[in-house]
Amino acid sequence: MLQRLRVPLFLIAALMFGFKSYIVYRFVFDLSIENMMQEIILFINPFATAIVLFSFAVIMKPKRQKKYIKYLSLFGAFLLFANLVYYRNFTDFITLPSILQFKNFGDLGASTASSMKIWDILLFVDTVLIFYLAKKKGDDLVFSYNRKSKLAMIALSFSILLTNLVLAEIERPMLFKRGFDREYLVKNVGLVNYHIYDAIINSKTKVQKVMADGSKLHEIKKYTEENINDKTSSEMKGIAKGKNIIYISAESVQNLVINRKVNGEEVTPFLNDLIKDSYYFNNFYHQVNLGRTSDSEFLVENSLYPLPNGSVFFTHGQNEFNAVPEIIKDHGYYSSVFHANNKSFWNRDVAYESLGYDQFYSERYFNVTEDNTIGWGLNDKAFFDQSMKYLESMPEPFYTKFITLTNHHPYELDEKYASIDKFDSNSKTLNQYFPTVRYTDEAIERFFKNLKESGLYKDSIIIIYGDHFGISENHNKAMGQYLNKEITPYDSVQLQRVPLIIHIPGHEDDRVIEKVSGQIDLKPTVLNMLGIENEEDIMFGNDLFANQSKRFVAFRDGDYVTEDYVYTKDTCYDRETGEKLEKSACEPIKDKVLKELNYSDQLIYEDLFRFQDTASSGKGKGKEE
Ligand code: GP9
Ligand code: MN
C-alpha cells in the first residue's frame with residue numbers, strides 16, 4: 001500500500017519518530033501539562049522537529065537519502081533511549097556537561113543497567129522497520145526531487161517548526177532568553193531542540209572560559225578594595241557565631257505592602273509586627289534580571305551581579321564560585337535549601353552544587369496533593385509545616401534557605417484561603433496580589449510558631465527578604481490608583497524596593513535602617529555577623545551594619561540609586577522628593593556602575609574564581625540524596 005501511495009521514506013521515518021517521541025514525552029516522562037495549549041504544543045513539537053530533520057533528505061541523491069534516513073532514525077532512537085534511562089535515574093534530561101564530566105560517567109554506568117527496561121526495545125522498532133524498508137523497498141520509497149520541490153519541502157517543514165516555536169514563545173515568553181527549566185524546554189520544543197540549545201549555551205560558555213585571563217582577578221580585586229569593601233568594623237561583627245542562619249526568600253513580596261492596608265485591612269500584619277522587633281531595611285532594593293528568583297539567590301550567596309542575559313544558574317551554573325554555603329562549611333556549618341518545586345527549575349540542582357550546598361529539599365521531599373496545592377505548587381503553610389521534620393534533625397549550626405511559592409504571579413488564590421478581599425482596579429494581577437501576599441505573611445507567622453515550639457528559634461537568626469518585584473510596570477495605572485498618585489519612572493524604581501528584615505531573637509537594639517542597600521549586600525553582612533573574614537574574596541556589596549554608607553545600588557540595566565539620587569531612563573531624580581535634577585548630578589556615578597557591572601560579568605563569563613587558590617575547599621553535594 002505504501003508503494004501505491006508513494007509515501008516517501010523520509011516522511012514515514014519522520015512520522016514514526018514524531019509519534020514515538022510524543023508517546024515518550026506524554027506518557028513516559030513526568031512532564032506537568034497545565035492547560036490545553038501546553039497539550040497542543042506537546043503534540044506538535046515532536047512532529048515539527050522530526051519533519052525538519054528528516055526532510056533534509058530531499059536535497060540528497062537517493063542512495064545518500066537512504067543512508068541519511070536510516071542513521072538519523074537510529075540516532076533519534078538512541079537519543080530518546082539515552083534520555084529515558086537518564087531520566088529514570090535523575091528525573092532530569094541529559095546536559096552536555098553531564099556527559100562530558102567524567103565523574104558522572106561513574107554514576108551513570110552503575111545505574112544505567114538497572115534503569116533499562118525490556119520494553120525500551122520498542123524505541124528501536126521503527127528504526128528496524130526503516131532499515132528493512134530502505135533495503136527491500138528502497139527504490140520505491142526514495143525519490144529524486146527537482147529544485148522547486150526541494151525548496152518547497154524544506155520551506156514547509158521549517159514553517160511547521162516556526163509555528164511550534166511561536167506557540168512555545170506565546171505559552172512561555174522568553175523561553176530561550178531565560179532558559180527556566182529543562183522540563184519547560186523539552187515540553188515546548190522537544191528533546192532534539194533542547195539538546196541543540198544546551199549545546200549552544202555550553203559552547204558559548206566554553207569559548208569565553210578558554211579566552212579567560214586570570215590576571216584580571218587582581219585588577220578586579222583592587223577595584224573592590226579601593227571602591228567598595230568597607231574596612232570599618234561592623235557593630236554586629238561575630239554576633240551570629242555558632243547560631244543558625246535561616247533565610248526566607250519571600251516570593252514576589254515588595255516593600256510597598258509593608259505597613260499598608262487594602263480595604264481597611266493590613267496586608268502583612270505579621271511582618272508589620274515582626275519589624276518592630278527586628279532590623280528592618282526600608283530602602284533595600286532587589287537587583288535581579290531575567291533569572292528572577294535564581295538571580296536573587298545568586299546575588300545573596302555571592303555578592304556578584306546577575307547577568308544581562310538569562311539566569312546565571314542556567315548559563316553558568318557549573319562555574320567555580322566563592323559562595324556563602326561553601327565558605328561557611330570550613331566553619332562547621334551545614335547548608336541546605338527548601339523549595340517545593342521541581343529540582344531542575346532554574347537549574348538549581350546543578351547550581352546548588354557549585355554554590356556548595358549540602359542538601360536541597362525539592363518538591364519530592366514534600367507530600368504534595370491536590371488539596372494542599374495553590375498556584376505553582378505546595379502552599380506556603382504546608383511547605384513550612386512539612387519542612388520542620390527535616391529542620392529539626394539537621395546538624396547545627398545550619399545555614400538554610402526557604403523559598404516560598406504561593407505568592408507567585410498570577411496570584412491565584414481560592415476564596416477559601418483568602419483572609420482579605422481583593423483590591424478593586426482594572427488590573428486583575430494587582431487586585432489578587434494582596435490576598436496572596438497575606439497568605440504568605442500568615443505562612444511565615446506559622447513558621448515562627450513552629451520554630452519556637454521546636455526550640456530552634458532562640459539559637460537562630462532569621463533573615464527575610466523579598467526576592468523581586470511582584471507587580472510589573474504593565475500595571476502602573478492600577479498601582480497609581482492604589483497609591484493614589486501617577487507612577488513616574490522615579491516611582492517605578494522606588495517600587496523595586498523589597499523588605500529586608502533581620503530578626504535576632506533576644507536582641508533589643510532593633511530599628512528601621514534607612515540606608516540605601518541591595519541584595520548584593522547580604523553576603524558581606526552575613527559573613528561579618530558570623531565573624532568570618534576572607535581577605536581574598538571579591539564582593540560588590542557592603543556590610544549593611546558597617547558605618548560607611550553604600551555608594552550606590554546598581555541595577556542590571558545600568559540604572560542606580562544612591563543616598564541622594566535615583567537615576568533611570570537617562571534622567572536624574574532627587575531620591576527623597578522625586579524631583580527631576582540636572583543630568584550632570586548623576587553623571588559621575590554612571591560610569592562607575594557600568595564598570596562594576598562589567599567586572600562582575602567578566603568574573604562569571606570567564607569563570608575567574610577558578611584561578612583563585614584561596615577558594616574554599618570542597619563543593620557541596622547540593623543534590624538530593
Ligand atoms: C520557581 C520559583 C519561582 O522555582 O522560584 O521562580 P520565579 O519565576 O519567581 O523566578
Ligand atoms: Mn520569584
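Quick one: which helices (runs of 4 or more DSSP H) sit completely within segment 170-279 and have at least 1 residues that are at pLDDT 95 or above, touching a helix residue (DSSP H, G or I) at 6+ places or on another chain (Cβ under 9 Å) and not basic (K, R)?
Working: elements: 175-178, 182-210, 216-227, 269-274.
The helices (runs of 4 or more DSSP H) meeting that bar are 182-210, 216-227, 269-274.
So for segment 238-248 (the condition being among the hydroxyl-bearing types (S, T, Y), in contact with a strand residue (DSSP E or B) (Cβ under 9 Å, 6 or more places away or on another chain), touching a residue at least 12 places away in the same chain (Cβ under 8 Å) and surrounded by fewer than 24 Cβ atoms within 10 Å (Cβ to Cβ)), does at least one residue qualify? Can you show your working first?
Residues of segment 238-248 among the hydroxyl-bearing types (S, T, Y): 247.
From what's left, in contact with a strand residue (DSSP E or B) (Cβ under 9 Å, 6 or more places away or on another chain): 247.
In the following step, the residues that additionally are touching a residue at least 12 places away in the same chain (Cβ under 8 Å) were identified as 247.
Then drop every residue that is not surrounded by fewer than 24 Cβ atoms within 10 Å (Cβ to Cβ), which leaves 247.
Among the residues of segment 238-248, at least one is among the hydroxyl-bearing types (S, T, Y), in contact with a strand residue (DSSP E or B) (Cβ under 9 Å, 6 or more places away or on another chain), touching a residue at least 12 places away in the same chain (Cβ under 8 Å) and surrounded by fewer than 24 Cβ atoms within 10 Å (Cβ to Cβ), which makes the answer yes.
Is it true that Y457 is of a type outside the set (D, E, K, R) and crowded, with 22+ Cβ neighbours inside 10 Å? Full working, then the answer.
Values: of a type outside the set (D, E, K, R): yes; crowded, with 22+ Cβ neighbours inside 10 Å: no.
So Y457 fails the test.
May I ask you to verify whether L290 is within 16 Å of ligand 1 (Cβ to nearest atom), in the same structural domain as E445 (by TED's automatic domain parsing) and of a type outside the set (S, T, N, Q)?
Numbers: within 16 Å of ligand 1 (Cβ to nearest atom): yes; in the same structural domain as E445 (by TED's automatic domain parsing): yes; of a type outside the set (S, T, N, Q): yes.
Criteria met by L290.
Six or more apart or on different chains, Cβ atoms under 6 Å: show the pairs whose first residue is in segment 386-414 and in the same structural domain as S296 (by TED's automatic domain parsing) and under 17 Å from E363 (Cβ atoms) and whose second is assigned to a loop (DSSP other than H, G, I, E, B) and more than 11 Å from ligand 1 (Cβ to nearest atom).
Q386/F366; T406/N379
Would you check which residues across segment 214-258 are within 16 Å of ligand 1 (Cβ to nearest atom) and among the hydroxyl-bearing types (S, T, Y) and list them?
Y247, S249, S252
Cβ contacts < 7 Å: first residue surrounded by fewer than 19 Cβ atoms within 10 Å (Cβ to Cβ), restricted to segment 188-199; second residue aromatic (F, W, Y), any location; separation 6+ or different chain. Result?
Y197/F176
Okay, residues lined up against (1) within 26 Å of Y560 (Cβ to Cβ); (2) in contact with a Gly (Cβ under 6 Å, 6 or more places away or on another chain):
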residue	(1), (2)
A212	no, no
L217	yes, no
V257	yes, no
F270	no, no
L274	no, no
D295	yes, no
V300	yes, no
G310	yes, yes
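Against the condition within 16 Å of ligand 1 (Cβ to nearest atom), of a type in the set (S, T, N, Q) and under 20 Å from the mean Cα position of the chain (by Cα), how does T205 come out, does it pass? I'd like the intermediate steps shown before the answer.
On the way: within 16 Å of ligand 1 (Cβ to nearest atom): no; of a type in the set (S, T, N, Q): yes; under 20 Å from the mean Cα position of the chain (by Cα): yes.
No; evaluated as a whole, the condition is false for this residue.
Quick one: would you say T440 is within 20 Å of S336 (Cα to Cα), among the polar types (S, T, N, Q) and within 16 Å of ligand 1 (Cβ to nearest atom)? Don't jump to the end; show me each part of the working.
On the way: within 20 Å of S336 (Cα to Cα): no; among the polar types (S, T, N, Q): yes; within 16 Å of ligand 1 (Cβ to nearest atom): yes.
Criteria not met by T440.
Within the group V337, V300, V267, V288, which residue is hydrophobic (A, V, I, L, M, F, W, C), within 15 Å of ligand 2 (Cβ to nearest atom), under 24 Å from D385 (Cβ atoms) and crowded, with 21+ Cβ neighbours inside 10 Å?
Details: V300 fails: under 24 Å from D385 (Cβ atoms); V267 fails: within 15 Å of ligand 2 (Cβ to nearest atom); V288 fails: under 24 Å from D385 (Cβ atoms).
Of the residues listed, the single one that is hydrophobic (A, V, I, L, M, F, W, C), within 15 Å of ligand 2 (Cβ to nearest atom), under 24 Å from D385 (Cβ atoms) and crowded, with 21+ Cβ neighbours inside 10 Å is V337.
Would you mind listing the helices (runs of 4 or more DSSP H) fully within segment 460-562 where at least 2 residues are hydroxyl-bearing (S, T, Y)? Before you say what the answer is, go through the steps one by one.
Numbers: elements: 476-483, 489-494, 522-529.
Ranges flagged: 489-494.
Name, by its number, the condition in (1) of a type in the set (D, E, K, R); (2) closer than 22 Å to D607 by Cβ; (3) part of a helix (DSSP H, G or I); (4) away from ligand 1 (no atom under 15 Å from the Cβ) that does not hold for E320.
(3)
V526 versus (1) within 22 Å of N407 (Cβ to Cβ); (2) crowded, with 20+ Cβ neighbours inside 10 Å; (3) touching a residue at least 60 places away in the same chain (Cβ under 8 Å): which is the lone unmet condition?
(1)
Within the group Q38, Q65, which residue is surrounded by fewer than 21 Cβ atoms within 10 Å (Cβ to Cβ), among the polar types (S, T, N, Q) and assigned by TED's automatic domain parsing to the domain that holds L141?
When all the criteria are applied, what remains is Q38.
For segment 362-374, indicate whether the set of residues that are surrounded by 20 or more Cβ atoms within 10 Å (Cβ to Cβ), outside the structural domain of D198 (by TED's automatic domain parsing) and of a type in the set (D, E, K, R) is non-empty. Working first, answer last.
Just the residues of segment 362-374 that are surrounded by 20 or more Cβ atoms within 10 Å (Cβ to Cβ), to begin with: 362, 366, 374.
Narrowing the set further to residues that are outside the structural domain of D198 (by TED's automatic domain parsing) leaves 362, 366, 374.
When the remaining residues are screened for being of a type in the set (D, E, K, R), the result is none.
No, because not a single residue in segment 362-374 is surrounded by 20 or more Cβ atoms within 10 Å (Cβ to Cβ), outside the structural domain of D198 (by TED's automatic domain parsing) and of a type in the set (D, E, K, R).
Would you say Y465 is in contact (Cβ under 8 Å) with a residue 60 or more places away in the chain, buried (at least 21 other Cβ atoms within 10 Å of the Cβ) and more than 16 Å from ligand 2 (Cβ to nearest atom)?
Working: in contact (Cβ under 8 Å) with a residue 60 or more places away in the chain: yes; buried (at least 21 other Cβ atoms within 10 Å of the Cβ): yes; more than 16 Å from ligand 2 (Cβ to nearest atom): no.
In short, no.
Suppose the filter is in contact with a Gly (Cβ under 8 Å, 6 or more places away or on another chain) and within 25 Å of T562 (Cα to Cα); does S354 pass it? Step through it out loud before you land on a result.
Working: in contact with a Gly (Cβ under 8 Å, 6 or more places away or on another chain): yes; within 25 Å of T562 (Cα to Cα): no.
So S354 does not fit the description; no.
Can you spot a residue in segment 272-280 that is in the same structural domain as T562 (by TED's automatic domain parsing) and within 16 Å of ligand 1 (Cβ to nearest atom)? First the steps, then the outcome.
From segment 272-280, those in the same structural domain as T562 (by TED's automatic domain parsing) are 272-280; that's our starting set.
After this cut, where a residue has to be within 16 Å of ligand 1 (Cβ to nearest atom) as well, the list is none.
So far as segment 272-280 goes, no, none of its residues is in the same structural domain as T562 (by TED's automatic domain parsing) and within 16 Å of ligand 1 (Cβ to nearest atom).
Quick grid of which residues meet (1) free of Cβ contacts under 8 Å to residues at least 24 places away in the same chain; (2) surrounded by fewer than 24 Cβ atoms within 10 Å (Cβ to Cβ):
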position: N431; (1), (2): no, yes
position: T436; (1), (2): no, no
position: Q481; (1), (2): no, yes
position: V493; (1), (2): no, yes
position: H503; (1), (2): no, yes
position: E508; (1), (2): yes, yes
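Which of the residues that make up segment 468-483 are of a type in the set (S, T, Y) and more than 16 Å from ligand 1 (Cβ to nearest atom)? Please lay out each step first, then the result.
Going residue by residue through segment 468-483, those that are of a type in the set (S, T, Y) are 472, 482.
The one that is of a type in the set (S, T, Y) and more than 16 Å from ligand 1 (Cβ to nearest atom): Y482.
Regarding T406, is this residue within 16 Å of ligand 2 (Cβ to nearest atom) and either in a helix (DSSP H, G or I) or surrounded by fewer than 22 Cβ atoms within 10 Å (Cβ to Cβ) (or both)? I'd like the intermediate steps shown before the answer.
Details: within 16 Å of ligand 2 (Cβ to nearest atom): yes; either in a helix (DSSP H, G or I) or surrounded by fewer than 22 Cβ atoms within 10 Å (Cβ to Cβ) (or both): no.
No: the conditions fail for T406.
The values are calculated or read from the model by the stated rules, or taken from the named source; none is laboratory data. Keep in mind the model is a prediction, meaning the values are calculated, not measured. Note that we place each Cβ from the backbone using ideal geometry, even for glycine, and neighbour counts take in every protein chain shown.
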